[in-house]
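No lab work stands behind these numbers, since they all come straight from the coordinates. Keep in mind the model is a prediction, meaning the values are calculated, not measured.
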Amino acid sequence: MACLAARCFHLETLMQNVVVSRLEPALNRAGFDPVPDAECSHHQHELQEHTDQQFIVMLDAYRSSGGLARAQEVVALFKRRSGHDLATLASWIVNKNVICFEWQLKMWLPLFQFNRLSMAPQPGLSQVLAQLIPDHDGWALANWFAQPNAWLGNRTPAVMLGLDPAAVLNASRAARLIANG
């Protein structure tokens, strides 16, 4: 149990370091206080509101395919179902084998991407991610899988991955072609 707690602390520290590195340009390096710019603060507030709204939309969109979970919740599911641990999940995240994005300083993962019994990534997910990762970050990937897609009869890639992985792969190829215009 102490080992798992240490690993969770290590993952949290790594994730916090990522968050700090993303925020660093907006910090006053002398005192680590926000840069005193009212216009910058206003834009950050608007950006946060937009991000919050996007998260709520994504949360609703993922309900039909298993929902969203924080990284710690996924680790708990691993332990109960398959014996995987935090190191496995961290490896999958770092190697971009699964979709993971940040919201409110927490790492979130869509649950559709895991087999419900083994908690292994769904068959076909890696090929789809290989098409999309060059043009999408974690947040954009999560949004892509949550949005109805014309190539999939206006169903979401998250729902269709379990039903027709080849169709989702074709939709991801089309998305890549469009992105690279």
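Observations, loosely collected:
- Length gained when the stretch residue 96-residue 49 is fully extended (0.36 nm per residue, less Cα-Cα span): 14.2 nm
- Contact order for region 37-181, expressed relative to its length and based on alpha carbon pairs under 8 Å spaced 6+ residues apart, stands at 21 percent.
- Remark: relative contact order (region 122-181) = 40 percent; criterion is Cα-Cα distance under 8 angstrom and separation of 6 or more residues.
- Ratio of the Cα radius of gyration of region 70-181 to 2.2 N^0.38 Å, where N counts its residues: 1.05
- The mean of 1/r over all pairs of different alpha-carbon atoms in region 67-122, once inverted, gives a Kirkwood hydrodynamic radius of 11.1 Å.
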